[in-house]
Every structure is written in C-alpha cells, then in structure tokens.
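The values are calculated or read from the model by the stated rules, or taken from the named source; none is laboratory data. Quick caveat, the model's predicted, so the values are computed rather than measured. Here Cβ is always computed from backbone atoms with ideal geometry, including for glycine, and neighbour counts include all displayed protein chains. Quick note on the areas: whole protein, heavy atoms, side chains included, nothing else; ligands and nucleic acids left out. Shrake-Rupley method; radii C 1.70, N 1.55, O 1.52, S 1.80 Å.
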Amino acid sequence: MSAGRPWVTWAVIASTFLVAMLLSVYPLPIGWRWWRPEFVLMVAIYWIFAQPLRMSLVALCLLGVFQDVLEGTPLGQHGLALVIVAYICLLSWQRVRNYSLWQQSCWVFVLIAISQLTDSWVQAISGMAISGPEFLIPAFASACFWPVCYLILEFVRRRYQIIQ
C-alpha cells in the first residue's frame, strides 16, 4: 500500500506524532503529572529505529518547537532535547533495534533521562525552578510504557505497509 505512495508513509508518521502531541497535553490530575510518559519522544525514537532514513533532525527540531508552543515551555526546550536524542538514536539504531523489548526499554529510559536533563538545563537557564530528582519519573514511566508504544506503532507500520 505504502511502497508506491510515499505520501501514505508521511501521513501515517505525521498522524502518530499528532496523537502523541494530543496525549502529551491531555489533562491529568496534578499528582499524576510526573508520571506522564514522554509520548512525542517515544514516537520519535520508534520512527528513528524503524525508518532512520526518513527522519530529519530539522523536522524533529520544528516538531519540538511546536511542542514548546503547545505546552507553554521555553522556546527550543523540546526541540533541543529531540535533536540530541534523535542524534544518539541515529548513531545506534542498527544495534538497538535488534535488542529485546526489555533491553529497548532500558535504552529508552537512558534516552528520555538525557532529554529530561536537557529540559531541566534549559529551564534553569530561563530562570524556572528545577524540580530535583523527580525529573527522572517521566523517563521511568516512558520505559515502562515503551513495550505498549512499540507494539502499537509496529502494528500501525505493518498495517500501512511502511517499509524502508
């Protein structure tokens, strides 16, 4: 289905990022805000592992800036974090995508912890209060949710026959 129509591939990838953006701003009780997985980052990690030649660092940076506007964070915070994590993923995708799901979850924890550290750094530069070690809770939640995210996105990729 997608092999002859590249627009289907781009539409599916864009749709998954749109759903991830919606999930990243879905209202949760204040006590649960630290436990929200980093959906946009997990979707970016998946598509880099699955389609490394289709993912652009510039497009991910713009996606991060859009996420900054959507969430009301300092401009460039998510863009910088997405680019750093995407660059690490692009360097390691051949090895990591052959890992088992629990090993990938550990790798996702490390990547999202790097992202959270970058976010904390940008927030500190902009004068916002730093939260302390709680910034690792979304990385833990994302690592726990990674197998579900991976299986859903893998189903979508196979359903629309998106191949490299």
Practice task
Could you please let me know if residue 23 is under 20 Å from residue 137 (Cα atoms), among the hydrophobic types (A, V, I, L, M, F, W, C), open to solvent by 50 Å² or more (accessible area, probe 1.4 Å) and assigned to a helix (DSSP H, G or I)?
Solution key: yes
Handout entry: Qualifying residue in the range 141-148 (condition: out of contact with any helix residue (DSSP H, G or I) (no Cβ under 8 Å at 6 or more places or on another chain), closer than 13 Å to residue 42 by Cβ and exposed (fewer than 13 other Cβ atoms within 10 Å of the Cβ))
Key = yes
Practice task
Quick one: residue 16 ticks every box in (1) open to solvent by less than 60 Å² (accessible area, probe 1.4 Å); (2) in a helix (DSSP H, G or I); (3) under 27 Å from residue 132 (Cα atoms); (4) in contact (Cβ under 8 Å) with a residue 40 or more places away in the chain except a single one, so which number is it?
Solution key: (3)
Fill in the blank from the handout: Conditions (1) open to solvent by 70 Å² or more (accessible area, probe 1.4 Å); (2) farther than 21 Å from residue 11 by Cβ; (3) of a type outside the set (S, T, N, Q) -> residue 132 fails only (1)
